[in-house]
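First up is the structure itself, then whatever we jot down about it.
The values are calculated or read from the model by the stated rules, or taken from the named source; none is laboratory data. Computed from a predicted model, the values in this text were never measured in an experiment. Because the Cβ atoms are built from the backbone with ideal geometry, glycine has one as well, and the counts that use them run over all protein chains shown.
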Amino acid sequence: MSTETQPLLSIQELNVNFATDAGTVHAVKQTSIDVQPGEVMAVVGESGSGKTVTAKTVLKLLPETAYTSGAVLVNGRDVLSLSGHQLRELRGKDAAMVFQEPSTALNPVYTIGWQIAEGLRAHDRKLTKKQAKAKAIEVLTKVGIPDAENRVNYYPHQFSGGQKQRIVIAMALALDAKLILADEPTTALDVTVQAEILDLLRHVKDEFGAAVLLITHNMGVVADLADRVTVMFNGEVVESAPVRELFAEPKQEYTRLLLDAVPHLGRDSASAGGVVPERTGEPVVVARGLEIEYPGGLGQKAFKAVKGVDFELYPGEVFGLVGESGSGKTTIGRAIAGLTRASGGSLKVLGQEMVGFKEKDVKPLRQRIGFVFQDPAASFNPQLTIGECVAEPLAVHRRELKPEQRRARAAELLEAVQLPGDYAKRYPHELSGGQRQRASLARSLALDPELLIADEPTSALDVSVQAKVLELFKELQAELGFATVFISHDLAVVDMLAHRIGVLYHGELVEVGIGSQILNEPKHPYTQRLIGSLPVPDPVEQEQRRLARLQQSNTV
């Protein structure tokens, strides 16, 4: 076989075991994956499937507790048998990694130019500072960082999330690596920024001839970018096929379940055909000309996060607030709960005016409002058991209840969100992400709220776990009839749950109405751009959408 036809990356019967206090954990079992030059291979699966461990093995980035066997060949060299010096030569030049969270991958105390130059000079000691900086500017320009000549001297905190993701991709490209390992490169990004990053990775493949090993649980991203797909489950490869073949005719039951769990715009719409619950009774939330301003500091001007927003929410209704990061959707949700103060206009929640409120007036109101936070791991007290966390609102607002009554109510709530009763004795860190999110939902329902605010409650979950949490949410909302403000940047998720949708852009509500009508016939250019940027889990349809989006951007 000629070198041109040999795989750039060949993982052969790889086993990875971790030694832990509880015994050996078999993270990867007999896994074999080949990636050809210029190819995008997507490795998909749920958390714990072994996909990230497999990717980290390619650069030998596993902790000392890991034991490996098999072979991992990069350009014909077995990474597992290389010395420390040989590994340093390989990392960055032959293969480079784009980590899942750029904020933690970038050093906050050094400029991005210095960090890119550090990698360059580690491989070429003869390179001067001036040459390294010029190369850094060149690669930042290639990944679309505007004004790279000046911004090369900026620090990581001075860039947006999407720009930081571009910077870590630039670091991976700085030494012309032919293999890019991209670990969930778009997980926390807005759909429009995600579309830009996917276009960039496609550009990297085409212009630089790089192969990409893409680790993701987002099947829309897979449909958009991948040439071939490998599906992992419990550390094993269960299926591998070209992307169109896998989506059209998945052979394994697990793959079919994974694809069925992906939300698809318009497939399970809560407002299909424009049919929504009839609005009756007094509105739960009424916003009129709502303004929310954050005061400036140290000579900075005040920042107006929400500008003149109008909407209503009625009993039993789910109102979806969508928009990108910084659009003001979380700020509005927090203002409704009295966690952020509204500064202008009017915001009435359950009859209480929230502009200029007094704490003593709002405290009784909080008993009637539930809040599902975006990150349950951060919102739970790590020193309390899950049962104590769920019962905490009862301890604060229902002091007449005895401890055993609170425990019984917590057990009842955990059962309602389909968590076993013995989970009440566990601590938050002992639950998976999906289990913590269910417990967070249970806690929000502890006081039988009339109004629930759900802030990105499924953004970090695997598609199958997300599907279960969303189905559970729909069942509970239909059964208990609470009004909901559902905040998300995932349009497909909002479409599944929301009867009406409001689209926020830079603090302004640019479009509001029945969900299916807005998503099928968007009037505002921003809404059209949001929908056009959303990847759909169908390679054929996604290619057509991508070409249409490019054509539209070329004509603007």
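If I filter segment 163-184 for residues that are among the charged types (D, E, K, R), over 22 Å from N107 (Cα atoms) and in a helix (DSSP H, G or I), do I get at least one hit?
Among the residues of segment 163-184, not one is among the charged types (D, E, K, R), over 22 Å from N107 (Cα atoms) and in a helix (DSSP H, G or I), which makes the answer no.
Pick out the one residue from E89, E118, E138 that is under 29 Å from T54 (Cβ atoms), free of Cβ contacts under 8 Å to residues at least 12 places away in the same chain and assigned to a helix (DSSP H, G or I).
Details: E89 fails: free of Cβ contacts under 8 Å to residues at least 12 places away in the same chain; E138 fails: under 29 Å from T54 (Cβ atoms).
Within the list E89, E118, E138, the selection yields E118.
Picking from A377, A408, which residue would you name as being assigned to a helix (DSSP H, G or I) and within 28 Å of the chain's Cα centre (by Cα)? Even if it seems obvious, please write down each step before you answer.
Numbers: A408 fails: within 28 Å of the chain's Cα centre (by Cα).
Just one listed residue meets the conditions, A377.
Conditions tested, residue by residue: (1) in contact (Cβ under 8 Å) with a residue 40 or more places away in the chain; (2) out of contact with any Ser or Thr (no Cβ under 7 Å at 6 or more places or on another chain); (3) in a loop (DSSP other than H, G, I, E, B); (4) of a type in the set (D, E).
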| position | (1), (2), (3), (4) |
| --- | --- |
| L419 | no, yes, yes, no |
| Y423 | no, yes, no, no |
| G434 | no, yes, no, no |
| R438 | no, yes, no, no |
| A442 | yes, yes, no, no |
| P449 | yes, yes, yes, no |
| V469 | no, no, no, no |
| Q477 | yes, no, no, no |
| L504 | yes, no, no, no |
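Restrict the check to segment 318-340 and report whether at least one residue is free of Cβ contacts under 8 Å to residues at least 40 places away in the same chain, part of a loop (DSSP other than H, G, I, E, B) and among the hydroxyl-bearing types (S, T, Y).
For segment 318-340, residues free of Cβ contacts under 8 Å to residues at least 40 places away in the same chain, part of a loop (DSSP other than H, G, I, E, B) and among the hydroxyl-bearing types (S, T, Y): absent.
When you go through (1) within 26 Å of S10 (Cβ to Cβ); (2) out of contact with any strand residue (DSSP E or B) (no Cβ under 8 Å at 6 or more places or on another chain); (3) crowded, with 22+ Cβ neighbours inside 10 Å; (4) not polar (S, T, N, Q) one by one for F208, which number turns out not to apply?
Failed condition: (3).
Please name all residue pairs, on different chains or six or more residues apart, with Cβ atoms under 8 Å, provided the first residue is in segment 64-85 and is farther than 14 Å from D34 by Cβ and surrounded by fewer than 12 Cβ atoms within 10 Å (Cβ to Cβ) and the second residue is modelled with pLDDT under 95 and of a type in the set (G, A, S).
Listed pairs, sorted by first residue: T65/A19.
Just one of M171, M97 is on the phi < 0 side of the Ramachandran plot and in contact with a strand residue (DSSP E or B) (Cβ under 6 Å, 6 or more places away or on another chain); which is it? Walk me through how you get there before you give the answer.
Numbers: M171 fails: in contact with a strand residue (DSSP E or B) (Cβ under 6 Å, 6 or more places away or on another chain).
Testing whether each residue is on the phi < 0 side of the Ramachandran plot and in contact with a strand residue (DSSP E or B) (Cβ under 6 Å, 6 or more places away or on another chain) leaves just M97.
One line per residue, one yes/no per condition, for (1) small (G, A, S); (2) within 30 Å of N520 (Cα to Cα); (3) touching a Phe, Trp or Tyr at 6+ places or on another chain (Cβ under 6 Å); (4) not in a loop (DSSP other than H, G, I, E, B):
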| residue | (1), (2), (3), (4) |
| --- | --- |
| E196 | no, yes, no, yes |
| V237 | no, no, no, yes |
| R244 | no, yes, no, yes |
| D268 | no, yes, no, no |
| G289 | yes, yes, no, yes |
